[in-house]
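Worksheet for the structure shown next.
The values are calculated or read from the model by the stated rules, or taken from the named source; none is laboratory data. What you see is a predicted model; the values in this text were computed from it and never measured. When we count neighbours, we look across all protein chains shown, and the Cβ atoms used for this are built from the backbone with ideal geometry, even at glycine. What goes into the accessible areas is simple: the full protein's heavy atoms, side chains included, and nothing from ligands, DNA or RNA. Shrake-Rupley method; radii C 1.70, N 1.55, O 1.52, S 1.80 Å.
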Amino acid sequence: GYLTLQAVVTTPTLFRCAIDVAGVVDWSMGSPAGYTTPRMGSPMSQPEVFAQAKVIDHMNKLQVPLMILHGTNDRNVSFGDSVRLFDVLLKLGKPFESQIYPGEIHFFRRDHVLRDAWRRIDDFFERTVKNGQPIDVVIEALSGMRVRGKVYAIDPMVNQSGRSIVIRALLPND
């Protein structure tokens, strides 16, 4: 969630769309200190770090379609973060899609919710990615292997070693 939002406001033309699932919009507002403080310090000790990480203040840079999904019983990221994001986007006149899942926690766990979320994501990608123009890229793996192709969607995901990226659709260049 947070990394998705940060990516689309930092590099607003790199991605064709974005899906925020339970993203933090302001680390200084109610994020668990046990999670935030060891990584970022405190808002008092590192005000410039927290200001830069406050993605909600940079939503005016958003240029791509955005979908927001969040459960109302999320204990990791307050549902209020998404409500604040809805408010800012509406004030800025930025279009977005959203779905609220009553009672869901940080990761969706009920079958009907998972099916709904994946259906919405699939439909969103169908409208915003599949029908768009691909992006030419060269990907160099840690092993040194290079792959050149057209990328339709990239999901950054961190594995246990801290290094991974999932390519949703990589097609060889013509």
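Filter region 84-102 for residues that are basic (Lys, Arg) and open to solvent by 50 Å² or more (accessible area, probe 1.4 Å) and give the result. Scanning region 84-102 gives ARG84, LYS91.
Against the test of being hydrophobic (A, V, I, L, M, F, W, C) and outside any helix (DSSP H, G or I), the options ILE19, ILE56 yield a single qualifying residue, ILE19.
Residues that are hydroxyl-bearing (Ser, Thr, Tyr) and within 15 Å of the chain's Cα centre (by Cα) within region 70-115 comprise SER82, SER98, listed in sequence order.
Of all residues in region 29-52, exactly one satisfies the criterion of being touching a residue at least 12 places away in the same chain (Cβ under 8 Å), surrounded by 16 or more Cβ atoms within 10 Å (Cβ to Cβ) and either closer than 26 Å to TYR101 by Cβ or among the charged types (D, E, K, R) (or both), namely SER31.
Residue-by-condition table, conditions (1) modelled with pLDDT of 90 or more; (2) polar (S, T, N, Q); (3) not in a helix (DSSP H, G or I):
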| site | (1), (2), (3) |
| --- | --- |
| THR4 | yes, yes, no |
| VAL8 | yes, no, no |
| VAL24 | yes, no, yes |
| GLN52 | no, yes, no |
| LEU85 | yes, no, no |
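The single condition from (1) in contact with a Leu (Cβ under 6 Å, 6 or more places away or on another chain); (2) part of a helix (DSSP H, G or I); (3) basic (Lys, Arg) that LYS94 fails is (2). Residues in region 6-27 that are open to solvent by 50 Å² or more (accessible area, probe 1.4 Å) and among the polar types (S, T, N, Q): THR10, THR11, THR13. Note on region 53-83: among residues that are open to solvent by less than 20 Å² (accessible area, probe 1.4 Å) and of a type outside the set (A, V, I, L, M), the one that is nearest to LYS94 (Cα to Cα) is SER82.
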